[in-house]
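Remarks on the structure that follows.
The values are calculated or read from the model by the stated rules, or taken from the named source; none is laboratory data. None of these values were measured; they are calculated from a predicted model. So basically every Cβ, Gly included, is an ideal-geometry build from the backbone, and we count neighbours across all protein chains shown.
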Amino acid sequence: MYHGPGSTEKISAAIRSSGMTQREIARAVGLSEGSISHYVNGWRLPSAGNLYRLAGVLGVDVRSLT
């Protein structure tokens with residue numbers, strides 16, 4: 001399993017509570033919908049750069065995802 005920055009539980013909760021679809025988040029971050037699905041399901045963690053972009057799109061502090 002890939003071990004990157006972030007907590008799968010926190011990332012998943014932030015994505016689910018964002019009010020955005022996984023497709024919308026993926027497009028805004030510049031990732032595939034599959035990548036977002038992997039984050040939501042705890043199968044993979046984003047790289048540091050993607051974690052920062054994800055936090056920006058979700059409107060949360062990156063520290064809340066770690």
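Selection of first residues in region 47-66 that are of a type in the set (Lys, Arg) and of second residues that are in a helix (DSSP H, G or I), restricted to Cβ pairs under 9 Å at least 6 apart or on distinct chains, gives the following pairs, ordered by first then second residue: Arg53/Ala28; Arg53/Val29; Arg63/Ala55.
Go through region 24-64 and give me each residue that's outside any helix (DSSP H, G or I), closer than 11 Å to Thr8 by Cα and of a type outside the set (D, E, K, R).
Hits for region 24-64 are Gly42, Trp43, Leu45, Pro46.
Once region 1-21 is narrowed to residues that are assigned to a helix (DSSP H, G or I) and either of a type in the set (Val, Ile, Thr) or at pLDDT 95 or above (or both), the residue that is surrounded by the most Cβ atoms within 10 Å (Cβ to Cβ) is Ile11.
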